[in-house]
Structure formats: C-alpha cells, structure tokens
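Below is one structure, written out as structure tokens; the observations come after it.
The values are calculated or read from the model by the stated rules, or taken from the named source; none is laboratory data. A quick note: this is a predicted structure, and the numbers were derived from the prediction, not measured. Note that each Cβ is placed from the backbone with ideal geometry, even for glycine, and that neighbours are counted across all protein chains shown.
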Amino acid sequence: MTDVTKRYEEAKAKYDAIGVDTDAALKALQDVKISMHCWQGDDVKGFLTPEGELTGGIMATGNYPGAAHTPEQLRQDLEKAYSLIPGKHKLNLHAIYLDTDENVDLNEIEPKHFAKWVEWAKEQGLGLDFNPTFFSHPMMKDGMTLSHPDKAVREYWIEHGKRARKIAAYMGEETGQVCIDNFWVPDGMKDNPIDRYQPRKRLMESLDEIFSVEYSEDFTQDAVESKLFGLGAEAYTVGSHEFYMGYGLTRNKLVCLDAGHFHPTEVISNKLSSLALFSKGVMLHVSRPVRWDSDHVVIMDDELQDIAKELVRNDLMERTNIGLDFFDATINRIAAWVIGTRNTQKALLKAMLEPTKELQKMELNFDFTSRLAITEELKDFPYADIWNYFCEQNNVPVGLDWLTEVQAYEKEVLANR
C-alpha cells in the first residue's frame with residue numbers, strides 16, 4: 001500500500017463517519033469532462049494569418065517564452081498538459097485555430113480545415129467544443145460584427161457563424177461527443193450610445209439567421225454568451241446578460257455564463273439555480289477576473305468553490321458544460337492549463353465530499369446551528385488526501401510533482417522555440 005493510498009483510507013474513514021462515500025465521489029469526478037481552452041497556449045493569436053495578431057475585441061498580456069506558433073506545437077503542448085491532469089476531457093477550439101495550408105477567410109472555413117484537430121482528438125480520446133471567432137479581423141468594423149448597421153458586414157459574419165455550426169456538428173459526429181458551439185460577440189461602443197435598441201435588434205436577427213439551420217443535438221448544441229463590457233466597448237455591449245438570457249430562453253439555446261463577464265462584485269454562482277429553472281442547460285466559462293474581465297488563471301478561491309457547490313448541491317452537473325477561459329502570457333502556459341484545470345476538479349471534488357442530503361434536511365428543519373457547524377468543520381477535512389489518491393489512480397503526478405515535469409518540458413521544448 002502506497003503512502004497516498006494509506007492516507008486515502010484514513011481520510012475515507014473520516015468522511016464515512018459523516019455519511020460521505022468517497023469512492024462514489026471519485027467515480028462521479030471521473031466522469032466530469034472539463035473543456036480546456038486552446039487559446040491559453042498561444043495567447044489567443046490562432047493560425048488564420050501568419051502573423052496571428054490580435055486586432056480588436058480581446059487582449060493577452062505578457063511575453064513568457066515558449067508560446068506555440070503552429071498547430072503541431074500547440075497539440076504537443078496540450079498533450080503535455082493533459083498528461084498531468086487526471087481524467088479524460090475535451091478541447092475547446094476557436095475558429096482561428098484552423099489547421100490547413102489553404103488561404104481561407106473566416107467566411108470560407110469548412111470541416112476539412114479542422115480535420116487534423118479531429119483526428120488528433122480521436123487519437124487522444126478527447127471531445128471537442130467550438131467557438132466562432134468574432135474578433136481580431138478586418139471585417140470587425142467600428143467595433144461591431146453581427147450588429148453592424150452595414151448589411152455587408154453583417155452578412156460576412158452571419159456566413160462565418162453558419163459555417164462554424166457546420167464544423168461543430170462535424171466535430172461532434174466524428175468524436176462521438178456533443179460539441180458545444182459557443183457564440184460570443186464583442187460588439188459595443190466606447191462611449192454612450194443614443195440608440196441601444198436597434199443594434200440589439202440587428203444582433204437578434206443575425207443570430208436567428210445563423211441558427212435557422214437545424215443540427216442534431218446528438219452532435220452539437222449552441223450556446224450564447226454575454227458580457228458587461230470589453231476593450232473599446234466600455235460604455236455599451238450589444239450582447240448584454242439580459243439580451244442573451246432572453247435570447248437563450250426563447251430560442252432554446254444553452255446560456256453561457258463567464259465568471260469574468262459581470263460587474264466586479266457580481267458572481268455567477270448565485271445565478272446558476274435561477275437559470276436552471278428556465279433554461280435547457282448551461283455552458284460555463286470558468287475564469288478569474290481581477291477588477292475586470294482580465295481572464296486570470298483559475299485559483300481555488302471562494303467563487304470557484306461556490307460555483308462547484310451550486311452545481312453539485314442542486315444536481316446540475318448533467319445539465320452543465322464546464323469550460324475554462326483564461327489566458328496569461330506572464331507564466332508558463334502549460335502550467336496555467338494544469339493549475340486551472342486541476343483547481344476546477346478539486347473544487348468539484350470538495351463539493352462532492354459534502355453530506356449534501358443531510359445538510360438539506362437540517363435546512364428544511366431550520367436546524368441552522370448544525371448546518372453551520374458541519375459546513376465549517378468540513379473546511380478542515382482532509383479532502384487533499386482524496387484528491388491525491390484520485391491523481392495516483394489516474395497515473396498523473398501527485399502534489400507538486402507535475403511542476404517538475406513542466407519545468408523539464410520548458411527546458412527541453414519551450415526554450416528552443
């Protein structure tokens with residue numbers, strides 16, 4: 001018996017004493033697929049153009065060495081990251097990450113331009129999610145795409161959205177896992193607009209046209225994502241939370257909640273139970289805002305744990321697609337993936353190690369004393385011993401051993417780019 005296993009057995013006994021089945025929790029965690037985002041690996045530049053420059057709507061900061069410059073390098077880095085994360089997961093691709101020798105624009109992309117990604121995902125046993133890219137492109141005019149008053153601009157982006165959905169359906173059919181196709185549109189204005197209504201009407205009509213073709217939900221599902229403000233759109237964002245709540249609920253779409261897309265003191269954990277009552281499902285972008293939508297690497301903070309608790313306590317895991325969204329170019333990018341993904345898994349595990357049904361009974365009986373006492377004592381329970389056992393069982397590094405592997409990879413691979 002390894003030391004990790006011994007500590008697990010000791011921790012298991014403690015949890016068993018309060019009615020928690022740790023084996024069941026680990027089985028549940030094993031089935032959770034986190035959709036890890038490709039854009040952490042190259043600072044959201046993509047491969048649409050040789051330069052891969054960000055030109056509007058988004059920004060990454062930092063110049064840490066070793067960013068991926070080709071699809072092959074990005075896949076190599078992703079494989080390293082996945083090897084350090086327990087379980088089998090998904091990869092979230094943006095449209096600008098096509099892998100082709102053809103010179104194609106966003107309104108010309110086809111499934112064949114992502115065939116290499118699909119074959120790689122099948123070899124790795126991974127699912128795929130997708131996102132049309134409505135930023136960093138010359139056709140993003142005046143800070144707008146689908147809501148632009150110029151019909152020609154809208155038609156360009158409508159065509160892109162249609163093609164993105166076709167690609168998502170192809171990915172889902174090929175991998176055998178439902179591909180979530182998430183629409184985030186950064187349209188907005190820097191200063192106060194006179195007319196907030198017409199741009200939103202144009203966005204609604206553009207989206208309706210994009211979604212006019214039906215695809216089997218066995219292969220792909222659409223999600224729509226809101227934002228409070230963005231770079232160059234500080235005063236007004238067309239696709240606000242209210243807009244996409246209304247759109248998602250009336251069009252039977254998944255609603256994507258991004259942890260960084262709301263007011264600085266607003267959290268998404270408190271929205272999940274309300275949204276679950278009315279929506280078909282949720283797409284999460286787990287991120288960490290620091291004063292704004294800064295997309296910092298996910299840490300084990302209170303909000304991450306509260307998101308996990310809401311999902312587990314309310315039995316929402318089956319209706320929720322968990323994806324990550326952060327991009328930090330000031331640190332090793334593979335480490336960023338590993339830290340963020342493992343922390344998300346840890347938060348879910350902590351939530352799964354609560355005696356939820358007993359706590360709910362206490363609440364229904366207004367026994368708030370016991371509720372408070374137990375939730376506080378749980379903070380001192382040895383969940384890390386359960387997590388370490390989960391890592392060992394999945395043949396990935398325990399504790400900080402993963403960092404040693406990342407540092408070695410940096411010296412052998414990243415430093416030579």
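Every listed requirement among (1) touching a Ser or Thr at 6+ places or on another chain (Cβ under 9 Å); (2) assigned to a helix (DSSP H, G or I) is met by Met36 save one, (2). Among the candidates Phe183, Phe134, Phe130, the residue that is among the aromatic types (Phe, Trp, Tyr), part of a loop (DSSP other than H, G, I, E, B) and modelled with pLDDT of 95 or more is uniquely Phe134.
Pairs meeting the criteria (first residue in the range 200-217 and within 17 Å of Met171 (Cβ to Cβ), second residue part of a loop (DSSP other than H, G, I, E, B) and of a type in the set (Lys, Arg), beta carbons under 9 Å, at least 6 apart or on different chains) are lacking.
Yes or no, residue by residue, for (1) under 17 Å from the mean Cα position of the chain (by Cα); (2) in a helix (DSSP H, G or I); (3) among the β-branched types (Val, Ile, Thr):
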residue: Met1; (1), (2), (3): no, no, no
residue: Val4; (1), (2), (3): no, yes, yes
residue: Val20; (1), (2), (3): no, no, yes
residue: Leu48; (1), (2), (3): no, no, no
residue: Thr61; (1), (2), (3): no, no, yes
residue: Tyr64; (1), (2), (3): no, no, no
residue: Glu72; (1), (2), (3): no, yes, no
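Pairs linking a residue in the range 1-27 that is closer than 22 Å to Leu400 by Cβ and touching a residue at least 60 places away in the same chain (Cβ under 8 Å) to a residue that is loosely packed, with under 14 Cβ neighbours inside 10 Å and among the acidic types (Asp, Glu), with Cβ atoms under 9 Å and 6 or more positions apart or on different chains, do not occur.
If I ask for residues that are touching a Pro at 6+ places or on another chain (Cβ under 6 Å) and among the small types (Gly, Ala, Ser), which ones from the range 235-287 would you list? Break it down into steps so the answer makes sense when it comes.
First pass over the range 235-287, keeping only residues touching a Pro at 6+ places or on another chain (Cβ under 6 Å): 236, 238, 260.
Correct list: Gly260 only.
Looking at the range 38-57, can you tell me whether even one residue there is surrounded by 16 or more Cβ atoms within 10 Å (Cβ to Cβ), out of contact with any His (no Cβ under 8 Å at 6 or more places or on another chain) and charged (D, E, K, R)? Scanning the range 38-57, I find at least one residue that is surrounded by 16 or more Cβ atoms within 10 Å (Cβ to Cβ), out of contact with any His (no Cβ under 8 Å at 6 or more places or on another chain) and charged (D, E, K, R), so the answer is yes.
Given the residues Ile339, Ile322, Ile299, which is the only one that is assigned to a strand (DSSP E or B) and of a type in the set (Val, Ile, Thr)?
Values: Ile339 fails: assigned to a strand (DSSP E or B); Ile299 fails: assigned to a strand (DSSP E or B).
After applying the criteria, what remains is Ile322.
Considered as a group, the residues in the range 361-377 that are free of Cβ contacts under 8 Å to residues at least 40 places away in the same chain and under 18 Å from Ala308 (Cβ atoms) include one that is surrounded by the fewest Cβ atoms within 10 Å (Cβ to Cβ), and that residue is Glu376. Considered as a group, the residues in the range 213-249 that are touching a strand residue (DSSP E or B) at 6+ places or on another chain (Cβ under 8 Å) and assigned to a helix (DSSP H, G or I) include one that is surrounded by the fewest Cβ atoms within 10 Å (Cβ to Cβ), and that residue is Leu249.
Total residues in the range 299-330 satisfying the condition of being closer than 21 Å to Phe130 by Cα, β-branched (Val, Ile, Thr) and either at pLDDT below 95 or touching a helix residue (DSSP H, G or I) at 6+ places or on another chain (Cβ under 6 Å) (or both): the figure is 1.
Could you tell me whether Lys12 is within 29 Å of Thr175 (Cα to Cα), part of a helix (DSSP H, G or I) and out of contact with any Lys or Arg (no Cβ under 8 Å at 6 or more places or on another chain)? So Lys12 does not fit the description; no. Every listed requirement among (1) out of contact with any helix residue (DSSP H, G or I) (no Cβ under 6 Å at 6 or more places or on another chain); (2) under 27 Å from Trp387 (Cβ atoms) is met by Glu51 save one, (2). Report, ordered by the first and then the second residue, all pairs with beta carbons closer than 6 Å, sequence separation of six or more or different chains, a first member in the range 104-126 that is more than 30 Å from Leu146 (Cα to Cα), and a second member that is in a loop (DSSP other than H, G, I, E, B). Note: pairs meeting the criteria are Gly125/Lys88. Checked against (1) part of a helix (DSSP H, G or I); (2) out of contact with any helix residue (DSSP H, G or I) (no Cβ under 7 Å at 6 or more places or on another chain); (3) of a type in the set (S, T, N, Q), Ser273 meets all criteria but (2). Going through (1) over 26 Å from Gln345 (Cα atoms); (2) surrounded by fewer than 16 Cβ atoms within 10 Å (Cβ to Cβ) one by one, Glu123 falls short only on (1).
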